[in-house]
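Take a look at the structure set out below.
The values are calculated or read from the model by the stated rules, or taken from the named source; none is laboratory data. What you see is a predicted model; the values in this text were computed from it and never measured. Ideal geometry is used to build each Cβ from the backbone, glycine not excepted, and the neighbour counts take in all protein chains shown. Ligands, DNA and RNA are excluded from the accessible area calculation, which covers all protein heavy atoms including side chains. Shrake-Rupley method; radii C 1.70, N 1.55, O 1.52, S 1.80 Å.
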Amino acid sequence: PKLAELAIETKLPHVRYLQVLHAKSEEYSILRPSLLPGFLQVVKHNEDQKNHSFAGFEIGRIHFAENEQNRELPTAGIFLTGKSSPHHWDQKPADVDFYDVKGLLENLFTALHASEIDYKASKHPSFHPGRQATIYLKDLAIGSFGEVHPRLLELIDIKQRVLYAELY
């Protein structure tokens with residue numbers, strides 16, 4: 001539950017955690033409502049080990065109750081942090097940004113032959129205002145991405161920018 005609280009969207013009044021029956025410990029007493037808290041834990045661990053530039057992904061399920069209805073969503077998450085490319089004689093390495101994760105998503109959608117993809121500005125509470133978007137396939141929202149809100153990074157003492165995308 002402590003880690004799940006990093007997923008700000010689960011604090012909305014119409015969303016609640018799903019409890020596990022017969023949990024072995026408090027740490028495993030709820031089903032995960034988002035992939036983001038786990039990714040932030042991975043970033044923090046790597047940052048503590050002096051590994052500052054890396055990327056990762058996970059495909060799994062998230063669970064929550066919304067308007068008294070239990071939901072289980074197959075989800076893919078992608079994160080990037082640190083430098084976008086190694087140091088090279090030709091150019092200096094730059095920090096990853098919004099367009100790096102957008103480029104990854106566009107390459108993924110091209111490989112999947114997904115057309116009619118659109119990106120619209122959003123107001124997702126887990127992302128930095130002005131550095132986020134919702135992904136639409138035709139008129140259906142299929143995910144969101146952006147820079148993780150600095151307030152979340154500060155809560156677990158991450159000192160670098162983290163970009164995150166979640167697809168349903």
Worksheet item: Accessible area per residue of region 58-168 at 1.4 Å probe, in Å²?
Response: 61
Worksheet item: When the convex hull of the Cα atoms of region 76-168 is projected onto a plane and the area is averaged over all directions, what value comes out in nm²?
Response: 7.0
Worksheet item: With each run of n ≥ 4 DSSP H residues scored as -39500 (n - 2.57), what mean residue ellipticity at 222 nm is computed for the chain after dividing by its residue count and rounding to the nearest 500 deg cm²/dmol?
Response: -6000 deg cm²/dmol
Worksheet item: Beyond 12 Å, what percent of the Cα pairs of region 87-141 remain?
Response: 73
Discussion item. Using 25 Å as the Cα-Cα cut-off, could you pick out the over-long pairs in LYS2/LYS138; LYS24/LYS159; LYS123/LYS159; LYS2/LYS120; LYS50/LYS83?
Written reply: LYS2/LYS138; LYS24/LYS159; LYS2/LYS120
Fill in: Point-to-point label distance, LEU137-HIS63, nm (Cα→Cβ direction, 7 Å offset)
2.5
Worksheet item: Expressed in nm², what is the orientationally averaged projection area of the convex hull enclosing the Cα positions of region 45-97?
Response: 5.7
Worksheet item: Extension gain ARG71-SER122, at 0.36 nm per residue separation less the Cα-Cα distance, in nm?
Response: 16.1 nm
Worksheet item: How large, in percent, is the carbon and sulfur part of the accessible surface of region 28-168 at a probe radius of 1.4 Å?
Response: 53
Fill in: Equivalent ellipsoid semi-axes, region 1-128, via Cα gyration tensor eigenvalues times 5, rooted, Å
31, 20, 13
Worksheet item: Between the helical axis of 36-48 and the dominant principal axis of the chain, each derived from Cα atoms, what acute angle in degrees is found, rounded to the nearest 10?
Response: 50
Practice prompt. Quote to one decimal, in nm, the extra length available between SER25 and SER84 on full extension: 0.36 nm per residue of separation minus the C-alpha distance between them.
Written response: 17.3 nm
